[in-house]
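Q: This structure is in C-alpha cells; I'll ask about it shortly.
The values are calculated or read from the model by the stated rules, or taken from the named source; none is laboratory data. Just so it is clear, the structure is predicted and the values come from calculations on it, not from any experiment. Every residue, glycine as well, gets a Cβ built from its backbone with ideal geometry; the counts of neighbours run over all protein chains shown.
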Amino acid sequence: MSAFRRAAVIAGYEWRRALAKKKVLALVILAVLFETMPFILLTQVAPAFMTEEVKVTMWVFGALSGQSMFIQLVAMIIAGGSMAEEYEQGTADIMLSKPIKKVEYMAGKFLGGFLLLVFIEAIMVVLGIIFAFAFFGPQRDLMFVPIIYLAIAYSTLVFFSLSFMLGEVFRRSTVSIMTAFGILIVSSIASSFLSFLYMQSSNQFYLDASRWLPTWSATSFPSLLVSDLIKWQQNPFLMVTGPGNPIQFRTSGDVLLAAIMIGVYAVVFILMAAIRVAKSDVTKKVA
C-alpha cells in the first residue's frame, strides 16, 4: 500500500470517527441555524431601507456571514480534537503500532479533518445562496461562488492548523481548542486596537502590525477578494474587510498579502505539528 493510500485510509477513519461521535450532525445543525437566523431577522428589520443593489448581492452576506468567528470556531473544534482525542482515548497507541509512518498518520488526520471542515463550509455557502434567493429574489454575480468558496476554505487553514498543532502539543482536546480560541480573541482585540491607533495617529506601523496578526488574514481574505471581484454598492450588512480593518484602510496589495500570510501561518503550524509527531514517543492514554 502506498503512502498516499495509507494517509487516505486514515482520512476516511477520521470521517467515520466524527460520524460515530455525532460531531458532523451537531456541526451541520449549528451551521443551518447560523445561516437561517440572520436572514429571518433581516427580512423583519431591513426591507424598509434595503436597496435593490444590496438585495441582489445578499448571497455574499450568506456566504461570508460566518467567516469572522463561527467557521473559525468550527475549524478549531474539528482540528483541536483530531490528534488530541486519540491520545485521550488511548487509540493513538493502536494506530501508530500499525505499519504506517507517523507523518502518514498525521497527514491522514489533517486531511480528514480539513475535508470535514470544507464540507461544513460548503453547506453554509449553499444555504446562504438559497436563503438569499428565497428572501430577497434573484441574485447576480453567482459565477464567483466557486472562487469565493475556495477562498473561504483556504482562509480557515490558519486556525485549523493552529488548533491541530496545539492538539499534538498539549494532547488534550479541550485545552487545545480553548487555547486556539483565546488566540483568536486576543488577536481580534489587538487588531482592533492597532487600527484605532492608526486612526488616531496615521502611523503606518500600527496598520501594518495589525495585518501581521493571524486574525486579519484568516477573517479578511474572502471579503477582500469579493471586493475585488464584484463591482457593487457596499453591503451594509457585511464588513468587507473584517474586524478591525475598515474599508478605508485597505490597499491594492491586501488580497495578495492576506493570501501569503495564510500560507505562512499554515505552513509554520503544520511543520511544528510534524516535528512534534516525528520526535515524540507513542504515549499511553492521557489521564
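Q: Would you check if residue 109 is touching a Phe, Trp or Tyr at 6+ places or on another chain (Cβ under 9 Å) and modelled with pLDDT of 90 or more?
A: Details: touching a Phe, Trp or Tyr at 6+ places or on another chain (Cβ under 9 Å): yes; modelled with pLDDT of 90 or more: yes.
In short, yes.
Q: Kindly indicate whether residue 136 is of a type in the set (A, V, I, L, M, F, W, C) and over 17 Å from residue 68 (Cα atoms). Even if it seems obvious, please write down each step before you answer.
A: Details: of a type in the set (A, V, I, L, M, F, W, C): yes; over 17 Å from residue 68 (Cα atoms): yes.
Yes.
Q: Any chance you could count how many residues in the range 119-133 are within 18 Å of residue 56 (Cβ to Cβ), within 16 Å of the chain's Cα centre (by Cα) and either surrounded by fewer than 21 Cβ atoms within 10 Å (Cβ to Cβ) or not aliphatic (A, V, I, L, M) (or both)?
A: Residues that pass the stated criteria total 0.
Q: Condition (residue is within 30 Å of residue 77 (Cα to Cα), surrounded by fewer than 23 Cβ atoms within 10 Å (Cβ to Cβ), out of contact with any Leu (no Cβ under 6 Å at 6 or more places or on another chain) and not β-branched (Val, Ile, Thr)) applied to the range 134-147: is it met by at least one residue? Working first, answer last.
A: Our first condition is that a residue be within 30 Å of residue 77 (Cα to Cα); within the range 134-147, this holds for 144-147.
This time we only want the ones that are surrounded by fewer than 23 Cβ atoms within 10 Å (Cβ to Cβ), so: 144-147.
Going one step further and asking which of them are out of contact with any Leu (no Cβ under 6 Å at 6 or more places or on another chain), we end up with 145-147.
Restricting the remaining residues to those that are not β-branched (Val, Ile, Thr) gives 146.
Yes, that holds for at least one residue.
Q: Also, quick follow-up: Anything in the range 67-102 that is surrounded by 23 or more Cβ atoms within 10 Å (Cβ to Cβ) and in contact with a Pro (Cβ under 8 Å, 6 or more places away or on another chain)? List them, or say none.
A: 67
Q: Can you tell me which of (1) surrounded by 13 or more Cβ atoms within 10 Å (Cβ to Cβ); (2) over 30 Å from residue 99 (Cβ atoms); (3) modelled with pLDDT of 85 or more; (4) within 21 Å of the chain's Cα centre (by Cα) is the one residue 240 doesn't meet?
A: Among (1) surrounded by 13 or more Cβ atoms within 10 Å (Cβ to Cβ); (2) over 30 Å from residue 99 (Cβ atoms); (3) modelled with pLDDT of 85 or more; (4) within 21 Å of the chain's Cα centre (by Cα), the lone unmet condition for residue 240 is (3).
Q: Among the residues of the range 69-88, are any closer than 27 Å to residue 138 by Cα, outside any loop (DSSP other than H, G, I, E, B) and out of contact with any Gly (no Cβ under 8 Å at 6 or more places or on another chain)? Lay out the reasoning, then the answer.
A: Kept after step one, since they are closer than 27 Å to residue 138 by Cα, are these residues of the range 69-88: 70-71.
From the residues that got through so far, the ones that are outside any loop (DSSP other than H, G, I, E, B) too are 70-71.
If we keep only those that are out of contact with any Gly (no Cβ under 8 Å at 6 or more places or on another chain) as well, we get 70-71.
Scanning the range 69-88, I find at least one residue that is closer than 27 Å to residue 138 by Cα, outside any loop (DSSP other than H, G, I, E, B) and out of contact with any Gly (no Cβ under 8 Å at 6 or more places or on another chain), so the answer is yes.
Q: Identify the single condition in (1) within 21 Å of the chain's Cα centre (by Cα); (2) of a type outside the set (A, V, I, L, M, F, W, C); (3) modelled with pLDDT of 60 or more that residue 246 does not satisfy, given that it satisfies every other one.
A: Result: residue 246 passes all but (3).
Q: Within the range 1-33, take every residue that is of a type in the set (Val, Ile, Thr) and more than 13 Å from residue 120 (Cβ to Cβ) and give me the one that is surrounded by the fewest Cβ atoms within 10 Å (Cβ to Cβ). Before you say what the answer is, go through the steps one by one.
A: Filtering the range 1-33 down to residues of a type in the set (Val, Ile, Thr) leaves 9-10, 24, 28-29, 32.
Applying the additional criterion that residues be more than 13 Å from residue 120 (Cβ to Cβ) yields 9-10.
Working: 9: 16, 10: 20.
Residue satisfying both the conditions and the ranking: 9.
Q: In addition: Quick one: in the range 172-190, of everything that is more than 17 Å from the chain's Cα centre (by Cα) and assigned to a helix (DSSP H, G or I), which residue is surrounded by the fewest Cβ atoms within 10 Å (Cβ to Cβ)?
A: Ranking the qualifying residues of the range 172-190, first place goes to 174.
Q: Also, I was wondering about something else. Check the range 149-162 and report whether any residue there is more than 23 Å from residue 125 (Cα to Cα) and either in a helix (DSSP H, G or I) or among the hydroxyl-bearing types (Ser, Thr, Tyr) (or both). Step through it out loud before you land on a result.
A: The first filter runs over the range 149-162 and keeps only residues more than 23 Å from residue 125 (Cα to Cα), leaving 162.
Pick out the ones that are also either in a helix (DSSP H, G or I) or among the hydroxyl-bearing types (Ser, Thr, Tyr) (or both) and you get 162.
Yes: one or more hits.
Q: Please enumerate the residues belonging to the range 196-210 that are surrounded by fewer than 23 Cβ atoms within 10 Å (Cβ to Cβ) and in contact with a Ser or Thr (Cβ under 8 Å, 6 or more places away or on another chain). Walk me through it before giving the result.
A: Keep residues of the range 196-210 that are surrounded by fewer than 23 Cβ atoms within 10 Å (Cβ to Cβ), which gives 196-209.
Listed by number, the residues that qualify are 198, 206, 207.
Q: Whether any residue in the range 157-166 is of a type in the set (S, T, N, Q), at pLDDT below 95 and surrounded by 17 or more Cβ atoms within 10 Å (Cβ to Cβ) is what I want to check. Please lay out each step first, then the result.
A: Step one: filter the range 157-166 for residues of a type in the set (S, T, N, Q), giving 161, 163.
If we keep only those that are at pLDDT below 95 too, we end up with none.
Looking for residues that are of a type in the set (S, T, N, Q), at pLDDT below 95 and surrounded by 17 or more Cβ atoms within 10 Å (Cβ to Cβ), one finds none in the range 157-166, hence no.
Q: Something else: On the basis of being buried (at least 19 other Cβ atoms within 10 Å of the Cβ) and either modelled with pLDDT of 90 or more or closer than 26 Å to residue 155 by Cα (or both), does residue 116 make the cut? Before you say what the answer is, go through the steps one by one.
A: Values: buried (at least 19 other Cβ atoms within 10 Å of the Cβ): yes; either modelled with pLDDT of 90 or more or closer than 26 Å to residue 155 by Cα (or both): yes.
When the stated conditions are applied, residue 116 passes them.
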